[in-house]
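K.L.:
Let me begin by handing over the structure; questions about it come next.
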Amino acid sequence: RRPVTAGARRPHRATVVLLVAVLLLAVGTWVAYFSPLLVVREVAVAGERQVKADEVIAAAAVPMGTPLARQDVQGIAERATRVPAVQAASVTRQWPSTLVVTVTERQAVLVVRQGADFLLVDATGVAFDRVPSAPAGAVQAEADPTNRQLLADVGMVAGALSGGLGREVTRLTAASPDRISLELRSGVLVNWGNAADSPLKAQIVTALLKDDKPRKTIDVSSPNNPAVR
């Protein structure tokens, strides 16, 4: 009989190693995607302050008992944003059995009176909550609470009122998208015009308020040609 050489044994060993690797991959895939060992048993919520975790979990509608690897994390995140106060959400897997939904809550930049209550509105014009009293730091606005585009314009203006200027505003009025105005604590009325160039308009108003000249109105509806009276 012809002796078996080392060179002849190498292909056999390579085949065995390949088969073992394929088998391990198959077992790992089965454990991850089909085994009951790595199914979702818990949903946790992170990042919430005002939003209730139970509300986020209910909206996310995670299919419990389904393996972590087969969870549609993007779909779960999208469902979590159905909670009005949730601006964005992301989902991560924590092995062996937990999904974590991390939320970013909307921040109120203005409030709009609706009956005896106030609607909280973020900088994008989304009204996301209704409260009995206006929170500190939010600009009070008079605008049609059913007009989403108008609320978006007003939200853009309120979002530009950072720092000291925002604290000086006592009321924001929006009769229409082109007729937005501010009333300041000093009694000065600011004709803002529309929401375009709001950051620039805020800078101009802030600069004009720094001098001690008496004035009743500031008009920045045309920011390249502001007027003071």
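K.L.:
In segment 161-179, what residues are at pLDDT 90 or above and either of a type in the set (Asp, Glu) or out of contact with any helix residue (DSSP H, G or I) (no Cβ under 6 Å at 6 or more places or on another chain) (or both)?
P.N.:
168, 169, 170, 171, 172, 173, 175, 176, 178, 179
K.L.:
Separate question: Given the options 152, 141, 158, name the one that is touching a helix residue (DSSP H, G or I) at 6+ places or on another chain (Cβ under 7 Å), open to solvent by less than 40 Å² (accessible area, probe 1.4 Å), among the small types (Gly, Ala, Ser) and under 22 Å from residue 130 (Cα atoms).
P.N.:
It is 141.
Yes/no per residue for (1) touching a residue at least 40 places away in the same chain (Cβ under 8 Å); (2) more than 19 Å from residue 218 (Cα to Cα):
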{"residue": "142", "(1), (2)": "no, yes"}
{"residue": "148", "(1), (2)": "no, yes"}
{"residue": "158", "(1), (2)": "yes, no"}
{"residue": "162", "(1), (2)": "yes, no"}
{"residue": "180", "(1), (2)": "no, no"}
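Conditions tested, residue by residue: (1) small (Gly, Ala, Ser); (2) farther than 16 Å from residue 93 by Cα; (3) at pLDDT below 60; (4) touching a Gly at 6+ places or on another chain (Cβ under 7 Å).
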{"site": "1", "(1), (2), (3), (4)": "no, yes, yes, no"}
{"site": "9", "(1), (2), (3), (4)": "no, yes, yes, no"}
{"site": "15", "(1), (2), (3), (4)": "no, yes, no, no"}
{"site": "29", "(1), (2), (3), (4)": "no, yes, yes, no"}
{"site": "48", "(1), (2), (3), (4)": "no, yes, no, no"}
{"site": "67", "(1), (2), (3), (4)": "no, no, no, no"}
{"site": "75", "(1), (2), (3), (4)": "yes, no, no, no"}
{"site": "80", "(1), (2), (3), (4)": "yes, no, no, no"}
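K.L.:
Any residue that is in contact with a strand residue (DSSP E or B) (Cβ under 8 Å, 6 or more places away or on another chain) and at positive phi - is there at least one of those in segment 187-197?
P.N.:
As a first pass, look at segment 187-197 and keep what is in contact with a strand residue (DSSP E or B) (Cβ under 8 Å, 6 or more places away or on another chain): 188-195.
Filter again for at positive phi, leaving 193.
Checked segment 187-197: at least one residue is in contact with a strand residue (DSSP E or B) (Cβ under 8 Å, 6 or more places away or on another chain) and at positive phi.
K.L.:
Also: Please give the strands (runs of 3 or more DSSP E) falling wholly within segment 165-229 in which 3 or more residues are under 26 Å from the mean Cα position of the chain (by Cα) and under 21 Å from residue 109 (Cβ atoms).
P.N.:
On the way: elements: 169-176, 179-184, 189-193, 217-219.
Of the strands (runs of 3 or more DSSP E) lying wholly inside segment 165-229, those with at least 3 residues that are under 26 Å from the mean Cα position of the chain (by Cα) and under 21 Å from residue 109 (Cβ atoms) span 169-176.
K.L.:
Quick one: is residue 186 without any contact (Cβ under 8 Å) to a residue 24 or more places away in the chain, touching a helix residue (DSSP H, G or I) at 6+ places or on another chain (Cβ under 8 Å) and under 29 Å from residue 115 (Cα atoms)?
P.N.:
Criteria met by residue 186.
K.L.:
Can you report the number of residues in segment 45-88 which are open to solvent by 30 Å² or more (accessible area, probe 1.4 Å), of a type in the set (A, V, I, L, M) and either touching a residue at least 60 places away in the same chain (Cβ under 8 Å) or farther than 19 Å from residue 120 by Cα (or both)?
P.N.:
Matching residues across segment 45-88 total 7.
K.L.:
If residue 166 passes every condition in (1) touching a strand residue (DSSP E or B) at 6+ places or on another chain (Cβ under 8 Å); (2) open to solvent by 20 Å² or more (accessible area, probe 1.4 Å) but one, which one does it miss?
P.N.:
(2)
K.L.:
Among the residues of segment 127-145, is there at least one that is among the aromatic types (Phe, Trp, Tyr) and in contact with an Asp or Glu (Cβ under 9 Å, 6 or more places away or on another chain)?
P.N.:
Checking segment 127-145: at least one residue is among the aromatic types (Phe, Trp, Tyr) and in contact with an Asp or Glu (Cβ under 9 Å, 6 or more places away or on another chain).
The values are calculated or read from the model by the stated rules, or taken from the named source; none is laboratory data. Since the structure is predicted, the reported quantities are computational estimates derived from the model, not experimental observations. Backbone-built Cβ (ideal geometry, glycine too); neighbour counts: all protein chains shown. The protein model used for the area step is the full one, side chains on, heavy atoms only, and it has no ligands, DNA or RNA in it. Shrake-Rupley method; radii C 1.70, N 1.55, O 1.52, S 1.80 Å.
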